[in-house]
Amino acid sequence: ERVAGNLIDDSQSARPSSSQLPLLNVHTNEVGEIVQRSGYTVYSGAFTTSTYVVGLFQYRTFAGLEFELACAHNGSTKHIWDISTPGTPSDIIGASTFTSDTLFSFAVVVNRLIMTTDANDTPLTWTGTGNVTSLAGSPPAGRYCAEFNNYGFIGATTANPNYVYWSNLADPTTWTGT
C-alpha cells in the first residue's frame, strides 16, 4: 500500500512516526516517491564463486539507450560485460585491461562513458558500441572520474594525489587543465 509516497505495512501501524520500515527492492522515481523495483534477471551463467565484481554502472546515451555494465575478474582474467540484454551478456573488454582487485569509478562525459580505477590504470572509454578502449588523448591515470558542465574530471593520480585534472569543454580526449 502507498501512502504519501511511502510504502507502509498495516501490521506496523504501532511504529513511531519518526521510524522507517526496512525497504527492500525499491527505488525513488522522478518525483521522489518510493516505488517497488520492477527488475528482471539480466545476467546468468558467467559469474562464478571465483568471479569478483569490481564495478557496476548504468550508462544512458543522449539518444536514450541504456546499458548496464559489470566489471569483474577472477584473479587473472578480466572482463567488462555489457549485461543489458537478458541472458546474453557480451564481453566488451577487447584489448583493454585493468589491475585485479581494483574498484571502478564511472562518469559520462558528452555521451562517452569514462572509467577509472583505484589502481590508477589507464582511463577507459566506451560509447555503447564495440569494445572498451583506452581513452584517447593524454588523460591522466587517476583514481576518480566525474563530469560537471560538459567537462571531464580525473583526480588522485599517483604523481599528484591531491590534484584534479579536467578536460577541455565537451572534449574528454583533450586534457590541458590542472
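The values are calculated or read from the model by the stated rules, or taken from the named source; none is laboratory data. Please read these numbers as outputs of a predicted model, since none were measured by experiment. Note that we place each Cβ from the backbone using ideal geometry, even for glycine, and neighbour counts take in every protein chain shown. Remember, those area values only see protein heavy atoms, side chains included, never the ligands or the DNA or RNA. Shrake-Rupley method; radii C 1.70, N 1.55, O 1.52, S 1.80 Å.
Put simply, of Y144, Y151 the only residue that is open to solvent by 50 Å² or more (accessible area, probe 1.4 Å), in contact (Cβ under 8 Å) with a residue 24 or more places away in the chain and either in contact with a Lys or Arg (Cβ under 6 Å, 6 or more places away or on another chain) or within 21 Å of A72 (Cβ to Cβ) (or both) is Y144. Only one of the numbered conditions (1) within 15 Å of the chain's Cα centre (by Cα); (2) open to solvent by less than 50 Å² (accessible area, probe 1.4 Å); (3) without any contact (Cβ under 8 Å) to a residue 24 or more places away in the chain is not met by G64, and that is (1). Applying the set (1) assigned to a strand (DSSP E or B); (2) modelled with pLDDT of 85 or more to T97 leaves exactly one unmet item: (1). Condition first: within 16 Å of S96 (Cβ to Cβ) and part of a strand (DSSP E or B). Can you find one or more residues in the stretch 136-159 that meet it? Yes, the stretch 136-159 contains at least one residue that is within 16 Å of S96 (Cβ to Cβ) and part of a strand (DSSP E or B).
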